[in-house]
Amino acid sequence: MAEALKDQMFQRPFFEALGKSIGKVYPSFSTKDFFSYLYNEDWEDKSLKERMYHASQSLHETLPDNYDEALDILSKVYQKFDGFDAMIFPDFVEQFGQDHYQLSIEALERFTQFSSAEFAIRPFILKHPEKTMDKMLSWSRHDNHHVRRLSSEGCRPRLPWAMALPLFKKDPGMIFPILDNLKSDPSLYVRKSVANNLNDITKDNPDLVIARLEKWQTDASKETQWITRHALRGMLKAGHPNALKLLGYGSAKVSVDNFKLKPRKIAMGDSLSFSFELRNDGKRPQNLMVDFIVHFVKSNGSTAPKVFKLNTLKLAPGETQLISKSHPFKVITTRKYYSGKHKLAVQVNGKVLGEQSFDLKV
């Protein structure tokens, strides 16, 4: 079994190095007191983020009470640390710097270059939306790709593990100028964030995303094309016609023949194999996005669909392509399986063209 993230991050060697670094610039710092606050009776039971919050609070107990002084000390040592552990620096700002806006925003710009301030910026957005988003718009033109990424990642409406931004679920208008500046960013790290932000927005405002991406397609760079494909992944799986059309997958004139599925009865650990012939019935070549959908049985006996990518291809008029796949049914942490009659369907350009049932025994 893979080691839990909370047992990989925020480990004692990191805190020892942090205490040593702070002690060099602030001799009054007591690593002993810091560790006494840090490793309390609840430490082992805390989640990853809870450990980060608690570590920031332990720093607060052992650094000067004056926020400006404490922040100045942290600003002298942060460059010695990076990765997830270093998120303790922006987290300190989030917890104790919200009444010191300018100092805190400047600190987040520095700290994010060695970790990420994607969580820490969000309370500032909620409290001061216009001036914080103006600042993030300027960050979208920053020389450092970590800062540019923060301008996108920090305002995602549905950022995992983070507080939601209801104002942007309702109206993402302030986000789009930032993404416009990043639509051809040379950094894949940044482009992934832009695509994820747009994918978030599709959950609440799909038509706004389509409209924005349509504007981007005029002389679209390869970077913009990459973002477009990844931003629409949820809508493509759902068979959204405008998303498919934007990527060149229109209404398909195709047939699915000789759809075979075996075995019809499987148990956990087995694989389900299926094949079919896909034929272009139209008079022109067609770009086709082929998916398969498994309708998984839920605890109440109903089923819920899950779309899996299968293939993209171009068929000439009258051309037939044999497509086959084997799908394993194995224990995974993200899904609980239940016994019962499942279904597997073939979807082409968002339209279901055939389905068959099979029994799974858990």
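The values are calculated or read from the model by the stated rules, or taken from the named source; none is laboratory data. Quantities reported herein were computed from a predicted structural model and do not represent experimental measurements. Virtual Cβ from ideal backbone geometry, glycine too; neighbours counted across all protein chains shown.
Results, tabulated for the structure shown:
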{"read-out": "Test result for Asp200, assigned by TED's automatic domain parsing to the domain that holds Leu150, surrounded by fewer than 17 Cβ atoms within 10 Å (Cβ to Cβ) and at pLDDT 95 or above", "value": "no"}
{"read-out": "Enumerated helices (runs of 4 or more DSSP H) restricted to segment 57-133, each holding at least 2 residues that are among the polar types (S, T, N, Q)", "value": "101-111"}
{"read-out": "Residues (polar (S, T, N, Q) and under 14 Å from Leu272 (Cβ atoms)) located in segment 340-362", "value": "Gln356, Ser357"}
{"read-out": "Unmet requirement for Phe308, which otherwise passes all of (1) out of contact with any helix residue (DSSP H, G or I) (no Cβ under 7 Å at 6 or more places or on another chain); (2) in contact (Cβ under 8 Å) with a residue 40 or more places away in the chain", "value": "(2)"}
{"read-out": "Filtered residues of segment 213-250 (kept if in a helix (DSSP H, G or I) and more than 20 Å from the chain's Cα centre (by Cα))", "value": "Glu214, Lys215, Trp216, Lys222, Pro241, Asn242, Leu244, Lys245, Leu246"}
{"read-out": "Single residue of Lys343, Lys330 found to be in contact with a strand residue (DSSP E or B) (Cβ under 8 Å, 6 or more places away or on another chain) and closer than 17 Å to Ser271 by Cα", "value": "Lys343"}
{"read-out": "Set Phe96, Phe111: member being buried (at least 20 other Cβ atoms within 10 Å of the Cβ) and of a type in the set (A, V, I, L, M, F, W, C)", "value": "Phe111"}
{"read-out": "Residues satisfying the stated conditions in segment 136-174, i.e. without any contact (Cβ under 8 Å) to a residue 40 or more places away in the chain and in contact with a helix residue (DSSP H, G or I) (Cβ under 6 Å, 6 or more places away or on another chain)", "value": "Trp139, His142, Val147, Ser151, Pro172"}
{"read-out": "Some residue of segment 181-202 being closer than 30 Å to Val297 by Cα and in contact with a Lys or Arg (Cβ under 6 Å, 6 or more places away or on another chain)", "value": "yes"}
{"read-out": "Flag if Thr333 is under 25 Å from the mean Cα position of the chain (by Cα), over 21 Å from Lys237 (Cα atoms) and not small (Gly, Ala, Ser)", "value": "yes"}
{"read-out": "Filter result (buried (at least 21 other Cβ atoms within 10 Å of the Cβ) and over 23 Å from Ser47 (Cα atoms)) within segment 158-182", "value": "Phe168, Pro172, Ile175, Ile178, Leu179, Leu182"}
{"read-out": "Considering residues of segment 212-243 that are among the charged types (D, E, K, R) and buried (at least 19 other Cβ atoms within 10 Å of the Cβ) only, the residue nearest to Val346 (Cα to Cα)", "value": "Lys237"}
{"read-out": "Set Leu71, Leu18: member being surrounded by 15 or more Cβ atoms within 10 Å (Cβ to Cβ) and touching a residue at least 60 places away in the same chain (Cβ under 8 Å)", "value": "Leu18"}
{"read-out": "Extreme residue, modelled with the lowest pLDDT, among residues of segment 244-258 that are buried (at least 17 other Cβ atoms within 10 Å of the Cβ) and farther than 30 Å from Arg158 by Cα", "value": "Ala252"}
{"read-out": "Residues of segment 317-348 that turn out to be aliphatic (A, V, I, L, M) and loosely packed, with under 11 Cβ neighbours inside 10 Å, as a count", "value": "3"}
